[in-house]
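*Asks:* Take this structure, written in structure tokens, and hold onto it; I'll ask about it next.
Read the figures in this text as sums done on the coordinates, not as results from a lab. Everything quoted here is computed from the prediction, not taken from an experiment. Note: ideal-geometry Cβ built from the backbone for every residue, glycine included; neighbour counts use all protein chains shown.
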Amino acid sequence: MTPPSERAFWIAFNHVPGIGPARLARLLEHFGDLEAAWEADEEELARAGLDRRSLERLLETRRTLSLDRVVVRLERLDAHVLTWADEDYPHLLREIPASPPVLYVRGTLLPEDAWALAVVGTRRMTTYGQEVTRRLVSELVQANLTIVSGLALGVDRQAHQVALESGGRTIAVLGSGIDRLYPASNRALARRIIEEGALVSDYPPGTPPDAANFPPRNRIISGLSLGTLVIEAGERSGALITARFAADQGREVFAVPGSILSPGSRGTNQLIRDGATPVLEARDILEALNLGPVEPQQEARSLLPENEDEMRILAVLSREPMHVDEIGRATGLDAATVASTLALMELKGFVRSTGSMSYVRAW
């Protein structure tokens, strides 16, 4: 029998209830790798910081889980796994607090998906919401933005469909395993998404759709995206949870205004009242994100590895503002080089100025 790979141990820990990002990070820090953590005895696991309940769950999973079966199941699904240890783990998602250690993917995540916008809203979409979604998403796709949503009925479904019909890419984040598509009426749509984008979940294959799974998955929808657009939402819509996650993650929140008499627009109108950017056309989003024409930026980004100074600066930047003096100290570049390189990178769309001589990554 072939020994399990290191990736298999990431998958194994993902099956242990109660061991999330924080506990997994402690195990990695203590043991150095997850194979050692998986094979450790009870005393060493306790010294690594596992409480009794988590320890019991880990021991039970070790007794009952067949890693070989899990790997075979993923192969049959033609799925692949991304972990914190992978360079191609989505950059934007890596930046959020408690990012998921493991992602299961059917389809393909591409570098250009760093230019992504979450589009969410009510399951009970009105004709107004349907038309607004069609107009905005088609324009955003023409600007080469990837559309991220949750494969739910209503606005989510419409956003995915319009993205595909417009020749764009779309990513669906699930509140279940990637083999347990929900709702069943969206299975044909999911197959199309796999061909022109990806289905993504941090839940192991076989996980059924459960009401408790959907609010946490919303943090991944917003985390994969530069901003979140709420098109139509009532006062208690799950889309508002996604918007809150986006705000907490330091991402932009956009909302489409609607009639004050429409229950389906109460949530979006309240978001605008509380500071979300109102959206009347796709240009409002592109300007707020300082994207401009996205295609030239994507072409310019492909040249990035040819310039060592740009690579060094990009390596130290994040979505948190960083002063040019700090950038210079972190990269070892002189002030003139930092200033001129940042100016060029801003034109290319790699970085964005936040004022006071501070910059953030633009993707």
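*Asks:* Taking GluC sites (Glu not before Pro) as exposed when DSSP calls them loop (any state but H, G, I, E, B) and at most 13 other Cβ atoms lie within 10 Å, what is the longest stretch of the chain free of them, the sites themselves excluded?
*Replies:* 88-234
*Asks:* Jot down the radius of gyration and Dmax of the stretch 142-215, Cα atoms only, both in angstrom.
*Replies:* 11.8, 36
*Asks:* Multiplying the sequence separation of D51 and Q142 by 0.36 nm and subtracting their Cα-Cα distance, what value in nm do you get?
*Replies:* 27.7 nm
*Asks:* Under a point spin-label approximation (7 Å from Cα along Cα-to-Cβ), what is the D210-M311 distance to one decimal in nm?
*Replies:* Label-label distance for D210 and M311, simple model: 4.5 nm.
*Asks:* Let me ask something else about it. Taking just the alpha carbons, could you work out the radius of gyration and Dmax for the stretch 1-65, both in angstroms?
*Replies:* 10.8, 33
*Asks:* Any idea what % of Cα-Cα pairs in the stretch 303-361 are farther than 16 Å?
*Replies:* Of all Cα-Cα distances in the stretch 303-361, 29 percent exceed 16 Å.
*Asks:* Something else about it: Relative contact order (percent) for the chain, with alpha-carbon contacts under 8 angstrom and 6 or more residues of separation?
*Replies:* 13
*Asks:* At 222 nm, what value in deg cm²/dmol follows for the chain if DSSP H runs of at least 4 each add -39500 (n - 2.57) and the sum is divided by all its residues, to the nearest 500?
*Replies:* -13500 deg cm²/dmol
*Asks:* Okay, moving on. Under a point spin-label approximation (7 Å from Cα along Cα-to-Cβ), what is the T108-S5 distance to one decimal in nm?
*Replies:* Rounded to a tenth, the inter-label distance reads 1.9 nm.
*Asks:* Further question on the same structure: Once both labels are modelled 7 Å past Cα along the beta-carbon direction, what's the D334-E44 spacing in nm?
*Replies:* 5.2
*Asks:* If you don't mind, another one. Across all directions of projection, what mean area in square nanometres is found for the Cα convex hull of the chain?
*Replies:* 19.6
*Asks:* Still on this model: Give the distance, in whole Å, between the Cα centre of the stretch 56-134 and the Cα centre of the stretch 239-288.
*Replies:* Spelled out, the Cα-based centre of one part sits 24 Å from the other.
*Asks:* Moving on. Can you figure out the FRET efficiency of R236 with E75, using R₀ = 56 Å and their beta-carbon distance, to the nearest 0.05?
*Replies:* After rounding, the FRET efficiency stands at 0.85.
*Asks:* Taking other Cβ within 10 Å of each residue's Cβ, how do S54, S353, S201 sort, fewest first?
*Replies:* S353, S54, S201
*Asks:* Would you kindly calculate the translational diffusion coefficient of the stretch 106-288, applying Stokes-Einstein with the Kirkwood radius from alpha carbon pairs, for 10 °C and a viscosity of 1.306 mPa s, and quote it in µm² s⁻¹ without decimals?
*Replies:* 101
*Asks:* If you rank D78, D202, D33 by fewest surrounding Cβ atoms within 10 Å, what's the result?
*Replies:* The most exposed by this proxy come first: D78, D33, D202.
*Asks:* Enumerate the amide H contacts of A152 below 5 Å, restricted to partners 5 or more residues apart or on another chain; note that Pro and chain-start residues carry no placed amide H.
*Replies:* Amide H neighbours of A152, under 5 Å, 5+ apart: R157.
*Asks:* Also, quick follow-up: Among V256, V71, what is the fewest-to-most ranking by other Cβ atoms within 10 Å?
*Replies:* Fewest-to-most ranking of V256, V71: V71, V256.
*Asks:* Between E320 and L280, what FRET efficiency comes out of the Förster formula 1/(1 + (r/R0)^6) with R0 = 35 Å and r the beta carbon distance, rounded to 0.05?
*Replies:* Computed FRET efficiency for L280 and E320 comes out at 0.70.
*Asks:* Which value results when the Cα radius of gyration for the stretch 65-145 is divided by 2.2 N^0.38 Å?
*Replies:* Dividing the Cα radius of gyration by 2.2 N^0.38 Å gives 1.47.
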